[in-house]
Amino acid sequence: MKAKHLSIIAKKEFRGLFNERTILLAVLLQLFIALFSSFLMVGLTSMYDPSSLSRYSHFRYNVAYAGNESDVLVYLRTSPDFRVYRMDLSTAVAALQQRKLAAVIYVPDTRPDAADPVKITLYTLENDLQSAIVDVKLKDVFLRYESTLRQVRAGRLDEQPLPLQVPASTGGDFYEFVYGLLIPLLVFMPAIISSALVIDLVTEEYQHETLETLISTPVTFTEMVWGKVLACELLVPIQAGAWLVLLMINGIAIQNPGLILLHVVVTSLILILLGTLVALHYRERTAAQFIFSTGLVIVILLSLALPSNPLNLLARLAVGSAGPEQWVVLGITTVVLLVLGYATQKYAEKIAGSAHAG
């Protein structure tokens, strides 16, 4: 194979990519995610953990207090998060239904030193994001009151509770989301896009009946195939590198960006070669994309079952906790890459030989 011929094919495919609206939209979507990652962290995390928004809220919420005088009322009035109004329970609930209040707290007439438990009733709006934030802020108030009750009723304890020494968190507010989902999603998405793209680039030669024209030029069939592979592979480090830079600009600390790109490049080339083999075998875009997508899901599920799978390893590299096993994984993926590269070369030569014979 001649490097000049490979570069010619790669440049041709790069020029054609600007006409692929689907690919451009996918790249723009990733760019949006990377540019506004800090904003998306808050929004997406709130979908599965609405209480995470409470730390960003500095608004004072209107709450009603009904029932007996207690330390709960004192804690609410001293809290910077609430404006407290003494109201009858029925009036307060009616105001809550009209969204004039964020919550209603009812404290029964039970003394702190009484034998019966103190059953505080909290009324909030169902399936409301604001209610999730208010619940978290009220939780601090209730925990303070619980500590007060424990001190008052300490003489009743037959056993001393076991103290727990919980270490302070050293991670960010969205540690699991950023390093477990956002970074792997951004850096591996170009690999998936490129592997699907190479199928389109190969099968279009058959569908547009331009294969005979290419074979009649000095560019061989194998050089044509590897040129398309090269064009798709070059997209991966460019996109993944840009996403990592944009994430770091957003204030997300990423360790070992070079090693991350190395693992992504090797893994992406494996996916691209798999897509190339499928495209060469089926030669029809719809069938090839369906078979490849199905196989890709199976490969991803099998790889995720491994303890040192690429996504887990990538997250550990990003936080700087990857051990020597990263080189073992890199070695295994390199061997798989060489095997697939050899298979692609031989299969392309076989197809070229049969085309010349025909």
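What the Cβ-Cβ distance of ASP158 and VAL297 gives, at R0 = 56 Å and to the nearest 0.05, is a FRET efficiency of 0.50.
Listed values for the stretch 191-205 are Karplus-derived 3J(HN,Hα) couplings in whole Hz (6.51 cos²θ - 1.76 cosθ + 1.60, θ = phi - 60°), namely 5, 5, 5, 5, 5, 6, 5, 5, 5, 5, 5, 7, 5, 5, 5, and x replaces Gly and Pro.
With both labels modelled 7 Å from their Cα along Cα-to-Cβ, the THR148 to GLU349 distance reads 8.4 nm. Each of ASP81, ASP135 has its accessible area taken with a 1.4 Å probe; listed largest first, they run ASP135, ASP81. In terms of accessible area, using a 1.4 Å probe and ignoring ligands and nucleic acids, GLU209, GLU146, GLU233 rank largest first as GLU209, GLU146, GLU233.
Candidates ASN309, TYR342, THR286 compared by Cα position along the dipole of the stretch 268-358: farthest toward the positive end lies THR286, with charges placed on Cβ. Heavy-atom accessible surface of ARG99, to the nearest 10 Å², is about 150 Å², with a 1.4 Å probe and all protein chains retained.
Once you sort the root eigenvalues of the Cα gyration tensor of the stretch 241-358 as a ≥ b ≥ c, which label holds: rounded (a/c under 1.5), prolate (a/b larger than b/c) or oblate (the other case)? List each step's numbers first, then the result.
On the way: a/c = 2.33, a/b = 2.14, b/c = 1.09.
Here the stretch 241-358 falls in the prolate category.
Distance between the 7 Å Cα→Cβ label points at ALA94 and TYR342: 8.4 nm. Surface listing: LEU302, LEU96 arranged by accessible area from highest to lowest gives LEU302, LEU96, probe 1.4 Å.
Here TYR206 sits with roughly 50 square angstrom of accessible surface, probe radius 1.4 Å.
Please say if the stretch 214-283 is rounded, prolate or oblate, where rounded means a/c under 1.5 for a ≥ b ≥ c the square roots of the C-alpha gyration tensor eigenvalues, and otherwise the choice is prolate for a/b larger than b/c and oblate otherwise? All intermediate terms of the calculation are to be shown ahead of the outcome.
On the way: a/c = 3.66, a/b = 2.65, b/c = 1.38.
Here the stretch 214-283 falls in the prolate category.
Couplings 3J(HN,Hα) for the stretch 142-149, derived from phi with the Karplus relation 6.51 cos²θ - 1.76 cosθ + 1.60 (θ = phi - 60°), are 5, 5, 5, 5, 4, 5, 5, 4 Hz, where x marks Gly and Pro.
The values are calculated or read from the model by the stated rules, or taken from the named source; none is laboratory data. The structure presented is a predicted model; accordingly, all values stated were derived computationally and were not measured. For neighbour counting, all protein chains shown are included, and Cβ atoms are generated from backbone atoms with ideal geometry for every residue, glycine included. Accessible surface areas use protein heavy atoms only, side chains included; no ligands, DNA or RNA. Shrake-Rupley method; radii C 1.70, N 1.55, O 1.52, S 1.80 Å.
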